[in-house]
Amino acid sequence: MAGSRNFLFGSNRPFFGGVFGAAFAVRRKGVTVFFMRKLVPALLLLCAWAIAENPRTLAIRNAKIVTVSGPVLGKGTVVVRNGLIEAVGENLAVPAGAWTIDGEGMTVYPGLIDSLSTVGIPSLAVAPAPAGRGGRGQSTPTQTPTPATTPATAATPAPPAKGPEDRPATTSWVLAADEIDPSDHRIESVRSAGFTTTVTFPARGIFGGQGSIIDLASAEHAGEMVVVPAVGQYLAVSRGGGFGGFGAGFPNSLMGYIAYIRQIYLDAEHYRLVQEAYAHSPRGMERPPYDRALEGVIESKRILLPANRVVEMDRMLRFAAELKQPAILYGMREAYRAEAALLLKKYGSPVLVSMHWNEAPRDPDPEADRTMRSLENIDQGPAAPALLQNAGVPFALYSDGLDQPRDLQRAVKKAIDAGLARPDAIRALTLSPAEIYGVADRMGSIEVGKIANLVVTKGDLFDDHTQIQMIFVDGKQYKPAPEPPAGGGRGATEEPGASQ
Amino acid sequence: MRLPGILIGCALAAGAASNNTVLIRGADVYPVTSEPVNGASILVVDGKIADIGAKIAAPKGVRVVDGKGLRVYPGMIDSGTQLGLSEIPSIRETVDTGELGEFMPQLRALASVNPDSEHFTVARIAGITSVMTFPATGGGGGRAGARQYISGQAALIHTSGWTWEDMAISGQAAVFVQFPSLETPGGRGGAENIAGPAGEGGTGTFTQMMRTYREEVAKLADFFDEARRYQKAKAANLPGLVRDLKYEAMLPVLDGKVPLAIAAATPRLIHDVIQFAETQNVKIVIVQPRELGSASTELKAKNIPVILGRVLALPRGQDDPYDQAFTLPAEAYKAGIKFAFGTFENQFVRNLPYQAATAVAFGLPEDEALKAITINPAQIWGAGDQLGSIEKGKSADLLMTTGDPLEIQTQVKHVFIRGQEIELSSKQTRLYDRYLNRQ
Amino acid sequence: MRKSWIVALAALAPLYAENIVIQNATILTVTKGTLQGSVVIKDGKIAEIGEKVMMPQNSTIVDAGGQYIIPGIIDCHSHIAVDGSVNEGSVSVSSMVNIKDVINPEDISIYRALAGGVTTANILHGSANPIGGQTLVLKMRWGKDAQGLIFEGAVPGIKFALGENPKRPGNPQGGRGATPTTARYPATRMGVEDTIREALNEAKAYKAEWDEYGAKTARGEHPIPPRKDLKLESLKEVLEGKRYVHAHCYREDEILMLLRVADDYGFKIRTLQHVLEGYKVAQEIAASGTGASTFSDWWAFKIEAFDAIPYNAAVMQKKGIVVSLNSDDEELMRHLNTEAAKAMKYGGLSETDALAMVTINPARQLGIDSRVGSLEAGKDADLVIYDKDPLSDFAKVQKVWIDGHLYFDRETDVNGRPAKALEKQKLIDKEKQSQPKSAGGRRPA
């Protein structure tokens, strides 16, 4: 529990400064060396103890530093103060009083950013699906990484929607920032894999609400974790797992979802016109009603749309253009196909690529028909990031339900083995997502002035035997959680349901 | 030399005025089991083919049907229907196939056949003169999705008659078995679901599937063992033996007199079915294989006949050749397997010859296609001495056409079942006449 | 090295050549008789047809000696190439949804349709609702993206459905999955008519709103536009004659009902689909100018299909209706040529009239007959070569062109199979090698 280490934080500052200053002053006044030899070290020890867990200034020295934004420093120093990167470079002077970490044999990276997550909203954690999900039960093929359950609505099931006017599965006004629960156990788990930041979305329903950028710090109040409260509206075109059919309410077909989304944007446009007209001169005009669903949609500066197959990418890019909304596609399971890169370059949209690679079915019927498409997908899926990289398409990787360190590390390693250069892999989890969400001015690389989110490893990040030594979030140090016994924690996240 | 003539003469005198005695004159006759003969005549006496020849004098009082410009073929035989047992599939009350129960060999399709089903009319005026009618569809289960292993006795019947007794050719032509299956439904070419790592198809792992499969096969084998015990007990005249209808129904099967009709879709299942049959020492007919592949040689070597399902069907898998189902009959032929066609859907029984024609387009010799809807099914279902070709002594099941019956444009001009000419009218033709003439 | 490039380019040439001459064939133009001769294709259009033709420069010659050419087949009722369900069955009026949004150009059914001679298909919403979704016409341009499949300029459509299917969700006893709590109005044919009338009523009011808005802006005013309602927008287009109604129907009473409803609201039904009892009300249908698209010989699968007769198409045609034969099925779609032949068997239609039912007639019904449906100079080069008489069920499709591009070649398909199978086997083997051995054998006891 990280919280217990914090009790000295904050209270030491004046004391620390004062003692040091006093020691200096005493020395200058010519007090005996004896005094110096006894008091100062004692005081220093006191300070060291006091600040051991939560130094306000710390320096990591003699480490390899992968800044991402610039060249790799073979032997460098990073200085952190007040949660920000104060200095980075070779042969840097460590500020007096800084807690020093000897980075010999270690590598420092910017903290990883998961560009589409639900971490922080425990109710959206994906439960492992029961075996036998099968392919034939789905009515819509664009199964997005939407969790199977929406517990918020389970308690009082709404009557089935009779049309778009019932605003089915729409909570567009929600901000993930308002739902963050710092006690979500996945925070520690994901952080132990080197992630300091997640872009957490209220991924439920059709219009889930806006995502927020969260630093995975141990905080008493969720607000302390929020870096940016609203980064875009999460859209899905399925209810995730539930088979439609009669009785499920509108919409229950893919075209129904699309028609609904289109109607919402038409309504939003009309709403804006009416509200503006009313605001301009209310006298004599019938008061227009307030519609928080439309307000939520209007406020979103971009939308996230699901797309796995090339056909879906084409469809969603056109749709976003029709809606006149800047869009980010997520899923991207067929991004290894040449058509995908061409399409994405044409539209210039950034994409989020799921790291939850499709794997060969366990214990399959040796004579079951395996389609060429699905075989290719399993074989070449992990090559997608490398192909996008080569094509110059801006992309980031995201966890898509993976939340165990071992799984996350393996997933990225697979992409690297399939051709993604390690620096590009790192960028896809650091500066790229920061750029995509417009926060590259404050995170995503080790640069002066940026937030001190760092991960320190022994060994190259994502290699099989690399150990994560420590993680810094907003300048605070965390140790990775101990590994569960071999194979222990794996089962849950490798089940098919982890990504719909 | 004069005796046969006298006998024929007497028979003729007796049957002269009856309606199952007729002379078809001057037609191109296609006997199927021998070369076609042009300008020949066929004498039908008391419902049987009495004579075929170039010139047969018209006996006194016998009706003559002018065959000029027409062809005569044996009546066609559809080896896969539910005629008389199912009228409108979407209305359960009109459907009598798919009973409850796991082992039901005693169920008799024959006695549940409705001779006045409109489907019979439609089929017979198209020249389908006999069919196999089955007690179940073969989807693996009986009603309400419960597992059914043995569904009952399939019957070989004429498509015309006053009663089912009248129509019966063989009341127990086969016992229909729904062998346990390993197959998952094939792809139909819709959108691919690649969004999750689960892979497609398959409920449960293969190991689980195999376990269930083996259990089910064992269960079926157990039932056969019980039937055999009954057989022994009966043969030994054991006192106190209670007559068991289910086992009674199995006796002809165990004696090798009646075959099992078993649906088996793929080579591995066909292989398992053959093995099962050998272990049980029973005869089998394989029904509706979708692939023959490696099972072909075994089928040929063991002389196991096959009933092919609809030729006009989609390929099994998404990547399979588009003509996979069209080429299957040619494949069976090349492997030397004896086969017949079945339409397996009542409303399409009249299209039986067109299913066969598609097979011809994709590699099956035409005369083989014709055999597969005439003499082959007759022989496969144990009525080879009565049906399936135009030969002396056989039942006068005949159709007369304006051309090749496999060609759609060919018109059927006359149909005879057991020598009686069928009125070529159905509810459909009557509705046609009525509404064509609506003013 | 250079040789292989030349060979490769030469192999590609037929696919991209602009000028093609198909010669020595029996050409069934459908509208201008049958002749022995050649077809010249230039820039994706039919340039010339004749016994003797002018051969353009740089033509690819295709010798079709002994073979037959017909116009590409047009299927007036299909549900292929759709992602997800073809029904938005949650509501009884789903005119807001659009098939255009969910086209799947990678559906193998497109290729299989090509292999059956189909070049154009009317892709429809399902029949779960009295008023279904918006529909469109596609060409089977296998390999193009979704936009590339759309038949440019074809009038968009909308699906209506009458009879058993749209009332099934309303039926607590018999409906599939319908329970009293989920029963959806309507449950009877009466309710189906009411649902349609209500929706058209609403659309009429919506249209009035927009017309008023239009009038005001024309006068120079600047009112706030009314809210655009996608459901009513498409119905407004129906009222304005800008969107074709394709209505699934079976029984004579519902057929007549819909014709009268359309009259009441001032529009025409474009096509009646299935219309299995159309023969009973043929003169009423003929009088309304509505087209009929039906099955050749399906019957008895539902009670409303029990009076279906295979002469339906012939009777309706004789009474002056433009009749087409459709598939509504991805398998049946592959042999619409033989379905057409059934109109010769049942009703005595001529070969040309029968062939028209899958070519020029559906083209006329869909309003695309200026482009496709027959072999005439100036029309799109959508044509099919058969090795035998196309109305014989011994015939096989050999080649299919759309817009002058060769989209299907049986020889190429057959020759390419071993390579495809090999490629797939390689992937399967590769995957097997990287898998741990699974426990348990394959053979049963």
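Every read-out reported here was derived from the displayed coordinates using simple, explicitly stated rules and does not represent laboratory data. The structure displayed is predicted, hence computed values, not measured ones. FYI the Cβ positions are ideal-geometry reconstructions off the backbone, even for glycines, and counts take in every protein chain you see.
Taking all pairs of different Cα atoms in the range A:112-443, averaging 1/r and flipping that mean, what Kirkwood radius in angstroms comes out? Could you put the intermediate results ahead of the total?
Numbers: mean 1/r = 0.0484 Å⁻¹.
Kirkwood radius, the range A:112-443: 20.6 Å.
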### Query
Build a GNM of chain B with springs between Cα atoms under 10 Å: which of B:A378, B:A27, B:A146 gets the top mean-square fluctuation?
B:A146
### Query
Pairs A:K64/A:K450; C:K144/C:K268; B:K68/C:K319; A:K162/C:K236; B:K334/B:K394; B:K302/B:K371: which are spaced more than 23 Å apart, C-alpha to C-alpha?
C:K144/C:K268; B:K68/C:K319; B:K334/B:K394
### Message
Taking 22 Å as R0, compute the FRET efficiency from the Cβ-Cβ separation of A:R422 and A:T100 and round it to 0.05.
### Response
0.20
### Message
Can you list residues from other chains, or at least 5 along the same chain, whose modelled amide H is less than 5 Å from the amide H of C:G132?
### Response
C:S94, C:K159, C:F160, C:A161
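Only bridges with both residues in the protein assembly as shown count here: give the DSSP antiparallel percent, nearest 5.
Of those bridges, close to 55 percent are antiparallel.
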### Summary
One would report the Cα pair-distance distribution of the range C:74-371, bin width 10 Å, in %, as 7, 28, 35, 23, 7, 2, 0
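Over all pairs of distinct alpha carbons, what does the Kirkwood formula give as the hydrodynamic radius of the range C:297-445, in Å? Before the final figure, lay out each step's value.
Values: mean 1/r = 0.0527 Å⁻¹.
Hydrodynamic radius (Kirkwood, Cα pairs) of the range C:297-445 is 19.0 Å.
At 18 Å minimum axial length over the Cα atoms and a Kyte-Doolittle cut of 0.5, report the qualifying DSSP H helices in chain B, or say none. Mind dumping the intermediate values first?
Numbers: long enough: B:2-15 (19 Å, 1.50); B:206-235 (43 Å, -0.97); B:267-280 (19 Å, -0.17).
Answer set is B:2-15.
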### Summary
Restricted to chain C, the DSSP antiparallel beta bridge percent, nearest 5, is 55
### Message
Quick check for you: which residues of the range A:164-184 have the amide N under 18 Å from the point 7 Å beyond the Cα of A:H221 toward its beta carbon?
### Response
A:176-183
### Candidates C:A187, C:A81, C:A308: whichever shows maximal mean-square fluctuation once chain C is modelled as a Gaussian network with Cα springs under 10 Å
C:A187
### Task
For a label point 7 Å from the Cα of A:K301 along Cα→C-beta, name the residues of the range A:405-435 whose backbone N is under 20 Å from it.
A:430-435
### Task
Determine the calculated [θ] at 222 nm for chain B from helices alone, applying -39500 (n - 2.57) to every DSSP H run no shorter than 4 residues and normalising by the residue count; nearest 500 deg cm²/dmol.
-9000 deg cm²/dmol
### Message
Going 7 Å from the Cα of C:E209 along its beta-carbon direction, which residues of the range A:288-321 have the amide nitrogen within less than 18 Å of the resulting point?
### Response
A:288-291, A:294
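Name the GluC sites (Glu not before Pro) in the range B:333-439 that are in a loop by DSSP and that have at most 14 other C-beta atoms within 10 Å, would you? Don't skip to the end; give the middle numbers.
Values: sites: B:E345, B:E366, B:E368, B:E391, B:E407, B:E421, B:E423; in loops: B:E345, B:E391, B:E407, B:E423.
Filter output for the range B:333-439: B:E423.
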### Message
Based on alpha-carbon atoms only, what is the radius of gyration of the protein assembly as shown relative to the globular estimate 2.2 N^0.38 Å?
### Response
1.10
#### Entry: Degrees between helix C:417-433 axis and first principal axis of chain C (Cα, 0 to 90, nearest 10)
80
### Summary
Between the modelled labels at B:R229 and B:N303 (7 Å from Cα along Cα→Cβ) the distance in nm is 3.4
### Message
Given the C-alpha atoms of the range C:67-180, compute the convex hull and give its volume per residue in Å³.
### Response
122
### Message
With a 10 Å cut-off between alpha carbons and a GNM built on chain C, which of C:L162, C:L391, C:L332 moves the most?
### Response
C:L332
### Query
If r is the Cβ-Cβ distance from B:D255 to B:I56 and R0 is 35 Å, what FRET efficiency results, to the nearest 0.05?
0.25
#### Entry: Helix C:230-239 vs. chain C, principal-axis angle (Cα, 0 to 90°, nearest 10)
90
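Quick one: in chain B, what % of C-alpha pairs are over 40 Å apart?
On the way: 22019 of 96141 pairs.
Result: 23 percent of Cα pairs exceed 40 Å.
Suppose every Lys and Arg Cβ carries +1 and every Asp and Glu Cβ carries -1, with no other charges. What dipole size does the range C:74-371 come out with about its Cα centre, to the nearest 20 debye?
On the way: 35 positive and 39 negative charges, 48 e Å.
Dipole of the range C:74-371, to the nearest 20 debye: 220 debye.
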### Query
What does the charge count near B:W162 come to, summing +1 for each Lys or Arg and -1 for each Asp or Glu among other residues with Cβ under 13 Å from its Cβ?
-2
### Query
Expressed as an acute angle from 0 to 90° and rounded to the nearest 10, what is the orientation of the C-alpha long axis of helix C:336-345 relative to the principal long axis of chain C?
70
